[in-house]
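Taking it in order: structure first as structure tokens, then the write-up.
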Amino acid sequence: MTTNENPARAQAAANTVKLIEWAAEAVKKPLPEPVRRRAAIILSDDIGAMVAGSLEAQVARAHQAFLKTSSGSTEATVLARGAPKADKYTAASANGMAITWCELDEGFRNASCHGGAYTIPALLAESEAQGRTVEEVLRALAVAYEVTTRFALAFPFPVFNVHPHAAFAAIGGAAAASLARRQDADTMLAAVTGGASMSFAGPFDTAVEGALIRNAWTSAGAWLGLRAADWAEAGIGGNDVTPYDVFVGAYKTNAKPEALIAGLDDTWSVTNGYHKVFACCGYAHSAIEATLELLGRMQKSKEEIAEIVVETAPGGQALRNAEPDTVLAAKFSMPHAIAATVQLGTAGARAFTQDKLEDAAILKLRTCVRLQPYPDIKPAPNDRPARVTMRFEDGAEMSAVVESARGGADKPFDEPTLLSKLAENAGSVFPAVPEMLKKVIAGDKNLLSQSWRDALARMVKA
């Protein structure tokens, strides 16, 4: 079928070209200050997530495996304690393995897409190798994030079958690598569409069931993105219809090709990101906040709870596993998230450790959690609501509703909260990271004009 026979395919192809042409020019220009600041906050939050993830045993073993096959080049930094510098493919793969491990990376609120996790591992490695300045890293991040999220907006999955980390990570990696290299529009088009062709059908339920390979998808995406940029320079890439054919043709997504270009330069996706203080899937956050509200006014003991009913949106309904057997599965389990929150008073990192999977009180309470559809869901940002109702053995009950969890553009965390999170995640490993990234967020001109290579070396210096 030609594009003339399929108007949506033709529009998607034309708009893909326009998006890439915009990106190749936009990266050359200074960002509006609010956009630059948001890009810096995303960079900081996700660096913290990478460092926190690097401490996990499986990630540390994966890093060793990556380093064994490194070329020996020392052009890029692995953000882990004591790790040697490596070639950019190794560094991007290692940091990509860590970035989503703790479920503390940021995400894009308007579509199921973690724009930072898909772009930053490749971006940092390529920018360090290229000698880009800190300001240029922020430009490339904001623009690559824009490209990545617009593909997620244009090709939304109608049901939770393919996980976005599998679907969009290679696109993000290719966009980031291409922008860091300052490839021209034609080469970038070949790289990004080539990355789209290497999207893979990682099932959403892989996360729900706790298979740790899900955490490797951002690692694979970073490597594929860098290679897509390499191959595009050799004349090997996709074309303007490739993304449509991958997503609509192969994955059977919906198509909204106008989303690829609507409002370019006027609206920036980085301003619609969200940040987490709960170390689990974002679709559980409204329910966790409602649970914490109930705990704050509950007069009865936890032992008197007979049932907890969680009415939630489709994303929350997907988190149905009541018997998670890995830490990842627990992070994608609404029953565990709610039970742990009740027992511990928090849904921070300690609510999802291995010992909590075996905690008798949490195990018992998980069996009391019931998921039900939330009626009359409103448009964004109130499209991920939750109503939590606690019912007690004496027949009493109490409820709380949260239509939109904190952390998004409508209810943002303030910068001190996010800097405190960064210090907790990264400060014990790299003490200089929190203060230097605070200066990047603030727009310190001397620091922004430095090379990313030099700035990062100061951050990770022992």
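Starting from the amide H of Tyr274, placed 1.01 Å from N in the peptide plane, find each other amide H under 5 Å away whose residue is 5 or more places distant or on another chain.
Gly107, Phe108, Arg109
Using DSSP to define loop residues, name the trypsin sites (Lys or Arg not before Pro) in region 146-212 whose beta-carbon has at most 15 other beta-carbon atoms within 10 Å.
Passing both the DSSP loop test and the Cβ count: Arg182.
Students often forget the sequence filter, so: which aspartates and glutamates lie under 14 Å Cα-Cα from Lys256 once same-chain residues fewer than 8 apart are removed?
Asp245
Under 25 Å Cα to Cα from Lys461, which lysines show up? Leave out anything in the same chain fewer than 8 places away.
Straight-line reach from Lys461, under 25 Å: Lys68, Lys85, Lys88, Lys421, Lys438, Lys439, Lys445.
In region 43-168, carbon and sulfur make up what percent of the accessible area (probe 1.4 Å)?
About 50 percent, which is the carbon plus sulfur part of the accessible surface.
Indicate, rounded to the nearest 5 percent, the antiparallel portion of the DSSP beta bridges found entirely in the chain.
Roughly 80 percent of the beta bridges in the chain run antiparallel, per DSSP.
Highest mean first, what order results for 322-331, 360-369 on Cβ atoms within 10 Å? Please list the in-between numbers first.
Numbers: 322-331: 20.3, 360-369: 17.4.
Sorting 322-331, 360-369 by mean packing, highest first, produces 322-331, 360-369.
Please sort 191-204, 12-25, 420-433, 346-359 by packing, taking for each peptide the average over its residues of neighbouring beta carbons within 10 angstrom, highest first.
Ranked from most to least packed, the peptides come out as 191-204, 12-25, 420-433, 346-359.
With contacts defined as alpha carbon pairs under 8 Å and 6 or more residues apart, what's the relative contact order of region 144-212 in percent?
Across region 144-212, relative contact order equals 42 percent.
As a check on your grasp of the helix formula, calculate [θ] at 222 nm for the chain: sum -39500 (n - 2.57) over DSSP H runs of n ≥ 4, divide by the residue count, round to the nearest 500. Walk me through the numbers before you get to the answer.
Values: 20 runs with 235 residues, N = 462.
One gets -15500 deg cm²/dmol as the mean residue ellipticity at 222 nm.
Distance from the Cα centre of region 64-130 to that of region 384-458, in angstrom?
What the calculation gives is 20 Å, centre to centre.
Can you pull the percent of region 317-462's accessible area that's carbon plus sulfur, 1.4 Å probe, other chains left in place?
C and S atoms contribute 50 percent here.
Give me the lysines in straight-line cross-link reach of Lys364: C-alpha distance below 29 Å, same-chain residues under 8 apart excluded.
Here the lysines satisfying the reach criterion relative to Lys364 are Lys276, Lys300, Lys302, Lys331, Lys356.
Hey, how many Å between the Cα centroid of region 195-211 and the Cα centroid of region 232-311?
Computed from Cα coordinates, the inter-centre distance equals 15 Å.
For region 375-423, what relative contact order do you get, as a whole percent, if you take Cα pairs closer than 8 Å and at least 6 residues apart? Intermediate results must be reported in sequence, preceding the final value.
Numbers: 41 pairs, mean separation 13.5, N = 49.
27 percent.
Which order do the peptides 401-410, 36-45, 246-255 take when ranked by the mean count of other beta-carbon atoms within 10 Å per residue, highest first?
Highest mean packing first, the order is 36-45, 401-410, 246-255.
Along the positive direction of the dipole of region 68-186 (beta-carbon charges: Lys, Arg +1; Asp, Glu -1; about the Cα centre), which of Ala169, Ser73, Leu141 reaches farthest?
Sorting the options by dipole projection puts first Ser73.
Quick one: compute the contact order of the chain, relative version, from alpha carbon pairs under 8 angstrom and 6+ residues apart, as a percent.
On the way: 956 pairs, mean separation 85.4, N = 462.
Reported relative contact order: 18 percent.
The values are calculated or read from the model by the stated rules, or taken from the named source; none is laboratory data. Keep in mind that this is a model prediction, so the values were computed, not measured. Here Cβ is always computed from backbone atoms with ideal geometry, including for glycine, and neighbour counts include all displayed protein chains. Just the protein is used for accessible areas: all its heavy atoms, side chains included, with ligands, DNA and RNA removed. Shrake-Rupley method; radii C 1.70, N 1.55, O 1.52, S 1.80 Å.
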